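Here the structure is laid out as C-alpha cells; the discussion comes afterwards.
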Amino acid sequence: MTSQLSAPKKAKDRAQPAPDAAPQRPRSRAWLLILPTIVLLVLALGYPVGWQLVTSFQEFGLKQQFGQPPEFVGFDNYIQLLSDSNFWVVLGRSLLFCLLAAGFTVIFGFLLALLMKQVHKSIRLILQIALLLAWAMPVVASMTVWVWLVDWRRGLLNWLLVKLGVDAQGHNWLADPVTFFITALVIVVWASVPFVALSIYAGLTQISEEMLEAAAMDGATGWQRTRLIILPVIAPVLSIVMLLQLIWDLRVFTQIKLLQDAGGVANETHLLGTYIYQAGVGSGSFGVASAVSVLMLLITVAISWYYVRSLMKEEN
Amino acid sequence: MRTKLATYSAGILALAAAVIWAFPVYWMLNSSLLPNTTLQSTTPHFLPLGGSFDNFKAVLADGGFVRALGVSLTVTLATVLVCLVVAFLGALAISRFRFRGRKSFILALLLIQMLPAEGMFIAQYKMFSSLNMLNSVIGLTVLYAAAVVPFTIWMLRGFVAGVPVELEEAAMVDGLSRTQAFLRITFPLLAPGLVASGVYAFLQAWNEFTVALVVMTEEQSKTLPLWLRSFIQASATRETDWGMVMAASTLVAVPVIIFFLLVQSRMSSGLVGGAVKG
C-alpha cells in the first residue's frame, strides 16, 4: 500500500511545472476540458439541490402533487420541523448512532492495526485477507447474509445463543428498537473497520522498529511507547479516518432500510436518511423532506470542511 | 518469556479477528452450496458437505435475476464509460493547466464528493418524475456518473501529473502536434490510472442501492441490489429460500471482490490523502 502511495507523488513533484512556468498553455482550453464535468454535476446534483433549497421554503405536499402550484411559506417548514419532537428524536438518534459507530470503528480499527504490527507475517496476511474480503462485500449482498444470520426462525445467532444457554429460541432481534440498533451497529462497524484498520496500519509501518526498541531499552512501558511514539506519528491518519467515518455514519441508509424491510418497526427506527425517504417518497411531504435534506447537507459540509481543507493543503 | 506469551496471545487474537471478519463471507458461500432442506433443519451446517451448485442453477434460471443483471450491467458499463471520459478531461485540466478558478474547482469537487446521496435523492426523484425519467437507465447513469466523477478526477490527477510534461514536449520538438504527442506518448502511460478509475466507477455503480431504490420504482427496471432486497423483504413475513438468496448474493459479490482487490490501495490513498506518507 505504501509503495503505491509514494510512487505517483514523487513523480508529480518532479513533473509539475511551477505555476508560472507554463505561460504558453491556453487557459480557455482548460475550461473546455472541465466543461463536461460542470455540465454533469449541475444537471445531476446542482439542479436538484437548488430545487430542494427552494422547495424547503414552500408548502409542497400532496395537493401540489396533483397540480396546485406550491406556495412560499418562508421558514415554516423549518419551524414545523424544529418544533416536531419526532424530528429531534430522529436527529438525536442519528447523531448517537453516528458517534457510536464511528467511535467503535476507529477503536477496533486501531486495535487491529496494532495487532497486525505485532504478529508474524503469515498471521498478518490472513488477517489482511479477511479484512479485505469484508470490505469488498457489496453492501446489499452482506445485508442478505446478516439478515439470514439474525433470522428469528433458523438464524445462526439464535442457535448459538441457545447452545450457550440463553433462551433465544424464536426471538426476533429486529422487532425491538434497541436490539435493532445494536444489530445495525454491529453490521456497520463490521463493514467499516477494514478501511480504518488498513489505513492506520499503513501509518504504523512508518514507525521504525529501532525507535521503539530504543525506547523500550530506555525503560518506556508499552503504554508510554503507544502514547509518546505511535500516537503522534499516526495522528494525521487517525483524525482523517475519524472524520470520514463520522460523515459516512451520519448518512447510513442502506443497512437501516434493509433491516426495516426484514422486520424492524420502521416508525421507531428511522435515522435521518430513512426519515427523509419516508417523508418524501413515502408520504409526499416534499417541503419537509427538502428541509431535512438541506439540514443534512449543511451538517455534512460543516464536518467535511476540515477534511477537504487538509486534502487541499496536500494539493498545493 | 513474557514477550513470547504476548506474541502468542496477539497471534490468537489476530486469528480470532480474521475469523470474525471473514465469517459472513464464508457463511454466504457455505449456504449458497447447501440445499434448502438442509438449511431449514434445526442444526446449522458449517461445511458445505453434500453441497451442489443447484442454487446457482436456480438463480440463473430465474427471470427476475436475469433481467436485473441486464439492467445492472447496462447502467454500470455506461457509468464507467461516461465517468472515464468526463473525469479524464477534468483530470487533464487540473494537472496540466494553471487556470483561474482551478483551486475553487478542486475545492468544489472535494466537497461535492462528500455530499450524501440521502440528502439529495428526494429532489432527484422529483426531478426525474417531472421529466418522466423514473425507471430510465439513462437517468440512473447520469446520477451515478455525477456521483463518481469528482473522486475519479481526484484519483486520476495524480496519474496525469506522474507523466512528465518533458516527454510530451520532446515529442513535439520531434515534429508531433500537441494532440498527437498527447495521444501517442502520454495516453498509453495513463492506462493503469484509467483502469483503476474505471474499476472504481464499476464498483460504485454495481453496488449502489440508495439512489436506485428511489428512481427505479418498477419491477422490470430493478438493478441487482434492488432485486436482492425483495428477498429480504419477503423474509419478514415468510420462510425464504436462503440457499438461493445466498447463491444470488455470491454471484453479485464475486466480480466485486475480484475487482476490489485490484483498486483497493489506490482508493485508500485517494481517501486518506497525504496523511500516510510512504
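The values are calculated or read from the model by the stated rules, or taken from the named source; none is laboratory data. Since this is a predicted model, take the numbers as computed values, not measurements. For neighbour counting, all protein chains shown are included, and Cβ atoms are generated from backbone atoms with ideal geometry for every residue, glycine included.
Of all residues in segment A:236-256, those that are buried (at least 24 other Cβ atoms within 10 Å of the Cβ) have Cβ atoms under 6 Å from Cβ atoms of residues that are of a type in the set (Gly, Ala, Ser) and modelled with pLDDT under 95, 6 or more apart or on another chain, in A:Val237/A:Ser199; A:Val237/A:Gly203; A:Val237/B:Ala275; A:Val241/A:Ser199. Is there a residue in segment A:126-144 that is farther than 28 Å from B:Pro255 by Cα and either buried (at least 17 other Cβ atoms within 10 Å of the Cβ) or not polar (S, T, N, Q) (or both)? No; the residues of segment A:126-144 include none that is farther than 28 Å from B:Pro255 by Cα and either buried (at least 17 other Cβ atoms within 10 Å of the Cβ) or not polar (S, T, N, Q) (or both). Of B:Ile94, B:Ile106, B:Ile138, all but one fail to be part of a helix (DSSP H, G or I) and closer than 18 Å to B:Met216 by Cα; the exception is B:Ile138. Scanning segment A:64-77 for residues that are more than 16 Å from A:Gly280 (Cβ to Cβ) and surrounded by 12 or more Cβ atoms within 10 Å (Cβ to Cβ) yields A:Gln68, A:Glu71, A:Val73, A:Phe75, A:Asp76. Limited to segment A:29-48, what total is found for residues that are surrounded by fewer than 20 Cβ atoms within 10 Å (Cβ to Cβ) and either β-branched (Val, Ile, Thr) or on the phi > 0 side of the Ramachandran plot (or both)? The total comes to 3. Might you let me know whether segment B:180-192 holds any residue that is facing another protein chain (nearest Cβ under 10 Å) and either among the small types (Gly, Ala, Ser) or more than 28 Å from B:Val254 (Cβ to Cβ) (or both)? The answer is no; no qualifying residue exists. Scanning segment A:160-207 for residues that are of a type in the set (S, T, N, Q), part of a loop (DSSP other than H, G, I, E, B) and over 30 Å from A:Ile229 (Cβ atoms) turns up A:Gln169, A:Asn172.
If you take the residues of segment A:105-147 that are among the polar types (S, T, N, Q) and farther than 26 Å from A:Arg227 by Cα, which of them is farthest from the other protein chains (Cβ to nearest Cβ)? Result: A:Ser122.
Yes/no matrix, rows are residues, columns are (1) farther than 25 Å from B:Val211 by Cα; (2) buried (at least 17 other Cβ atoms within 10 Å of the Cβ); (3) among the polar types (S, T, N, Q):
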position	(1), (2), (3)
B:Ala10	yes, yes, no
B:Pro35	yes, no, no
B:Phe46	yes, no, no
B:Asp54	yes, no, no
B:Asp62	no, no, no
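For segment B:214-234, how many residues meet the condition of being more than 16 Å from B:Gly64 (Cβ to Cβ) and at the interface with chain A (Cβ under 9 Å from one of its Cβ atoms)? Residues flagged as more than 16 Å from B:Gly64 (Cβ to Cβ) and at the interface with chain A (Cβ under 9 Å from one of its Cβ atoms) within segment B:214-234 amount to 1.
Report yes if some residue within segment A:68-89 is small (Gly, Ala, Ser) and touching a residue at least 60 places away in the same chain (Cβ under 8 Å); otherwise report no. So far as segment A:68-89 goes, no, none of its residues is small (Gly, Ala, Ser) and touching a residue at least 60 places away in the same chain (Cβ under 8 Å).
Tally the residues that are of a type in the set (Val, Ile, Thr) and either under 16 Å from A:Trp248 (Cβ atoms) or not in a helix (DSSP H, G or I) (or both), restricting the search to segment A:133-149. Counting residues in segment A:133-149 that are of a type in the set (Val, Ile, Thr) and either under 16 Å from A:Trp248 (Cβ atoms) or not in a helix (DSSP H, G or I) (or both) gives 1.
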